[in-house]
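Below is one structure, written out as structure tokens, with a few remarks after it.
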Amino acid sequence: MTRGRAVAATALAAAVLLAGCAAPRPPVATAEAPARWHALLPAEPAAGDAAPRADLARWWQQFDDARLAALVAEAQASSPTLAAAAARIAQARAARAGVDARAWPALDANASALRGRPDLASPTATRLGAELRASWEVDLFGRLDAAYDAARARVDATHADWHAARVALAAEVGTSYVALRACEALLDPLRADARSREETARLTTLAAEAGFRAPAAADLARASAAQARFQAEAQQQRCELELKALVALTGADEARLRDALAEGRARVPRPAAIAVDRVPAQALAQRPDLAAAAQRVAAAAAEVGQADAERYPRVTLAGAVGPARLDAGALATQGTTWSLGPLQVTLPVFDAGARAAGVDAARARYDEARAQYALALRQAVREVESALVTLQGTAARALDAQRASDGYEASLRATEGLHRGGLASLFELEDARRTALAARRDAIELERERVTAWISLYRALGGGWAPTDDAPTGTPSASADGTAVAGPSR
């Protein structure tokens with residue numbers, strides 16, 4: 001048997017004896033979703049009214065307001081949050097490629113030149129050589145394989161994180177836009193109320209100066225007008241803040257955004273209905289944040305196996321081959337040099353518990369990942385249940401709120417007529433105004449709350465994400481595009 005065959009046979013025997021000793025990994029256990037929803041599901045919409053499940057990923061486009069879809073598209077095109085999430089995808093892919101590379105042999109090339117006399121008995125000589133060196137770790141205990149599995153799970157987690165960020169951004173833009181429109185819808189009656197009270201104050205002051213009204217009535221009318229102006233200005237400030245929030249979310253020029261939003265002012269958009277799976281596990285399977293948490297559990301489990309494998313022997317094999325030439329006076333020779341080996345086995349003997357501590361730390365991170373997944377699942381269930389409860393509650397109150405608003409508005413008009421005819425006091429008029437305005441505010445706030453609940457339900461159901469959805473590809477840029485460099489696959 002030649003020397004090369006003997007070395008190969010030794011390596012093969014070591015592999016046969018040790019291959020069955022792969023480091024164990026903990027199970028990738030996950031928390032269980034509840035068997036059913038406890039909140040009432042939205043009523044099944046009529047045929048043609050519901051948004052198809054496949055369109056949930058573009059749910060904001062199914063509002064009766066095209067401006068919302070344009071705002072979401074602009075926000076996603078320029079979002080630093082999405083750009084950062086895409087950059088994290090690129091980092092995870094690069095890390096995965098680096099781990100994958102360690103499973104392959106490493107090749108290094110070197111060249112050398114030497115001229116001199118190695119001893120007094122030898123002539124001056126020139127030695128030239130080039131060599132290709134190779135080294136390879138034989139992954140008998142699955143250390144490198146576990147590292148790759150962990151890196152791959154981290155990549156999948158960052159993919160899901162990017163989609164979760166996209167869903168969250170669309171929901172945030174939608175919520176802010178609805179809040180702006182609801183604010184405008186309430187601002188108009190507040191301004192109209194302020195104008196009405198100012199006119200009442202003017203007429204009451206004239207009547208008091210003529211002796212037809214008591215001075216106290218004029219004081220009350222002026223105080224009421226001042227309060228109405230205060231409320232209108234406060235509401236205008238809230239609307240400005242909502243607009244500023246949209247500017248920050250979309251990155252748009254404020255003047256251009258104001259012009260774009262001038263049309264459709266004070267009209268709260270209406271969404272299409274969303275169908276909800278009756279089985280919570282199926283509904284929550286669409287959430288990218290839960291998928292990311294599950295992938296982190298898988299990565300942590302693989303890292304436990306990787307840390308455990310560090311306690312086992314490490315086997316490496318090296319070799320080299322290359323041409324060489326020797327010129328020593330009249331003697332000149334050349335040829336190919338090569339070597340196979342050494343086949344090196346490194347046995348951990350004593351490390352003062354460092355490797356065992358590494359395993360304990362990996363297991364602790366695994367336990368933390370499982371706890372984080374269970375927490376994310378509970379939060380997801382809560383978000384869906386809360387959105388369903390809000391939808392049910394706002395639906396139950398909608399008719400009464402509108403009736404109250406219409407009724408108090410009619411009562412106010414009647415009281416104004418009586419006041420002009422001297423049949424109702426200023427106190428009665430002011431009370432009718434306050435009541436009508438409060439009812440109008442309640443109706444608008446209820447409408448905003450209901451539309452926001454639909455948006456919250458959209459977000460709680462994952463925004464139409466599916467595990468097969470592609471992640472962004474390309475080079476990430478903080479300026480905007482939210483993409484990342486594609487990495488190699490194993």
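The values are calculated or read from the model by the stated rules, or taken from the named source; none is laboratory data. Keep in mind that this is a model prediction, so the values were computed, not measured. Backbone-built Cβ (ideal geometry, glycine too); neighbour counts: all protein chains shown.
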Considering only residues of segment 273-321 that are among the polar types (S, T, N, Q) and in contact (Cβ under 8 Å) with a residue 40 or more places away in the chain, which is surrounded by the fewest Cβ atoms within 10 Å (Cβ to Cβ)?
-> Thr316
Search result, residues across segment 112-163 that are in contact with a strand residue (DSSP E or B) (Cβ under 7 Å, 6 or more places away or on another chain) and acidic (Asp, Glu) | Glu131, Glu137
Do you know which residues across segment 343-391 are outside any helix (DSSP H, G or I) and either buried (at least 18 other Cβ atoms within 10 Å of the Cβ) or among the hydroxyl-bearing types (Ser, Thr, Tyr) (or both)?
-> Thr346
Which of the residues belonging to segment 189-225 are exposed (fewer than 14 other Cβ atoms within 10 Å of the Cβ) and over 17 Å from Glu416 (Cα atoms)?
-> Leu206, Glu209, Ala210, Gly211, Phe212, Ala214, Pro215, Ala216, Ala223
Answer yes if at least one residue in segment 259-272 is crowded, with 16+ Cβ neighbours inside 10 Å, out of contact with any Leu (no Cβ under 6 Å at 6 or more places or on another chain), more than 30 Å from Ala192 (Cβ to Cβ) and at pLDDT below 95, and no otherwise.
-> yes
Is there a residue in segment 47-57 that is crowded, with 16+ Cβ neighbours inside 10 Å, modelled with pLDDT under 95 and within 30 Å of Val155 (Cα to Cα)?
-> yes
Positions within segment 207-242 being of a type in the set (D, E, K, R) and part of a helix (DSSP H, G or I), in sequence order = Glu209, Asp219, Arg222, Arg229, Glu233, Arg238, Glu240, Glu242
Using the structure shown, decide if Ala424 is outside any helix (DSSP H, G or I), buried (at least 16 other Cβ atoms within 10 Å of the Cβ) and of a type outside the set (Val, Ile, Thr).
-> yes
